[in-house]
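Input: a single structure, listed below in structure tokens.
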Amino acid sequence: MIVSLISDYLNYLEVERALSINTIEAYRRDIFAFFEYALKTYNIENIEDIRRTHLSAYNRFLAQNGISPSSIVRKTASIKGFFRYLCLNDELKKNPALALCAPKIAKKLPKVISVKEIEKLLATHLNIMQKALFELFYATGLRVSELVNLEIKNTNLKSGMIKTLGKGSKERIVPIGTKAKAALKNYFKEREIILLKNGRENEKYVFLKPDGTKISRQYVYKFIHTLGKKIEKDISPHTIRHSFATHLLERGADLRVVQELLGHSSIVTTQLYTHISKNRLREVYFSINKT
């Protein structure tokens with residue numbers, strides 16, 4: 001019965017909530033892991049037998065086994081969401097996870113790099129596709145999944161806009177800027193040659209490798225990480241996205257506009273970048289006013 005209820009919940013997340021496959025898979029792992037623990041530790045086979053003490057004990061078990069606080073927070077959210085769903089659908093009378101607490105974690109400011117460092121990276125030797133990819137990445141602040149899955153039909157160089165699907169399949173329109181437009185226009189000529197040589201199997205996607213295959217998330221991570229060595233920094237695609245947002249705010253962009261561009265569902269998430277901007281202003285002030 002537990003397996004059937006989990007299956008129903010995951011189906012609800014896919015159909016009703018329109019969550020991504022990766023997110024649903026994370027929920028599945030988290031929920032099954034808890035029930036495997038409950039069966040092994042307490043011999044619990046019926047969902048009605050779960051108590052808050054079992055859930056709290058599970059969180060302690062995770063912490064004792066070296067699971068990071070951020071991972072425990074995520075696992076707790078997965079479990080609480082499942083039990084909330086069961087109660088709303090009258091599968092349970094009482095919610096054992098209602099008062100379940102997750103560990104508090106300190107908010108870490110996202111890593112960013114300066115405009116000068118961005119310019120230095122763009123000045124390095126990049127092939128035509130990499131140049132277009134990096135220009136577009138920095139010009140739009142797309143998520144990696146949005147970048148690799150970007151389709152030609154959603155890329156309009158004439159209007160200078162792209163359409164992308166973010167988390168929860170939410171669609172948004174993002175401007176791409178003059179430099180990104182020029183880099184893409186240049187790359188599209190080479191892209192057509194790639195398609196002629198390798199077939200048009202992946203024709204709908206914007207970014208293709210020389211062998212005609214679609215770029216992957218792993219390709220982007222490796223590319224950005226390698227590029228970071230040029231400025232002697234350990235950076236990731238998230239660094240470019242965070243830098244995009246921070247640089248906009250430093251130049252006076254409205255917080256709501258940045259929220260829309262990033263595809264954040266809550267402005268609270270976007271507000272984190274205002275702290276980065278303040279820190280940056282402080283650094284600049286003291287560097288100028290050194291005695």
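Which residues, counting only those in region 238-262, are in contact with a Lys or Arg (Cβ under 8 Å, 6 or more places away or on another chain), of a type outside the set (A, V, I, L, M, F, W, C) and buried (at least 20 other Cβ atoms within 10 Å of the Cβ)?
Arg241, His242, Thr246
Leu165 versus (1) closer than 18 Å to Leu122 by Cβ; (2) aliphatic (A, V, I, L, M); (3) open to solvent by 70 Å² or more (accessible area, probe 1.4 Å): which is the lone unmet condition?
Tallying (1) closer than 18 Å to Leu122 by Cβ; (2) aliphatic (A, V, I, L, M); (3) open to solvent by 70 Å² or more (accessible area, probe 1.4 Å), Leu165 fails exactly one: (1).
Somewhere in region 272-287, is a residue open to solvent by 70 Å² or more (accessible area, probe 1.4 Å) and at pLDDT 80 or above?
Scanning region 272-287, I find no residue that is open to solvent by 70 Å² or more (accessible area, probe 1.4 Å) and at pLDDT 80 or above, so the answer is no.
Would you mind finding the one in Lys104, Lys93 that is within 24 Å of His238 (Cα to Cα) and not in a helix (DSSP H, G or I)?
Lys104
Which ones in region 190-227 are charged (D, E, K, R), without any contact (Cβ under 8 Å) to a residue 24 or more places away in the chain and either open to solvent by less than 80 Å² (accessible area, probe 1.4 Å) or under 17 Å from Ala132 (Cα atoms) (or both)?
The answer is Glu192, Lys222.
Checking Phe35 against (1) on the phi > 0 side of the Ramachandran plot; (2) assigned to a helix (DSSP H, G or I): exactly one of these is not met. Which one?
For Phe35, the exception is condition (1).
Which one is nearest to the chain's Cα centre (by Cα) among residues in region 57-70 that are loosely packed, with under 15 Cβ neighbours inside 10 Å, of a type in the set (S, T, N, Q) and outside any loop (DSSP other than H, G, I, E, B)?
So the residue we want is Ser70.
Might you let me know whether region 93-103 holds any residue that is under 23 Å from Ile224 (Cβ atoms), within 24 Å of the chain's Cα centre (by Cα) and of a type in the set (A, V, I, L, M, F, W, C)?
No, region 93-103 has no match at all.
Among the residues of region 17-30, is any part of a loop (DSSP other than H, G, I, E, B), closer than 17 Å to Gly166 by Cα and without any contact (Cβ under 8 Å) to a residue 40 or more places away in the chain?
Taking every residue of region 17-30 in turn, none turns out to be part of a loop (DSSP other than H, G, I, E, B), closer than 17 Å to Gly166 by Cα and without any contact (Cβ under 8 Å) to a residue 40 or more places away in the chain.
Among what's in region 11-56 and is within 29 Å of the chain's Cα centre (by Cα) and of a type in the set (Asp, Glu), pick the residue that is least open to solvent (accessible area, probe 1.4 Å).
Asp30
The values are calculated or read from the model by the stated rules, or taken from the named source; none is laboratory data. Keep in mind the model is a prediction, meaning the values are calculated, not measured. Cβ: placed from backbone, ideal geometry, glycine included. Neighbour counts: every protein chain shown. The area values use the complete protein model at the heavy-atom level, side chains included, leaving out ligands, DNA and RNA. Shrake-Rupley method; radii C 1.70, N 1.55, O 1.52, S 1.80 Å.
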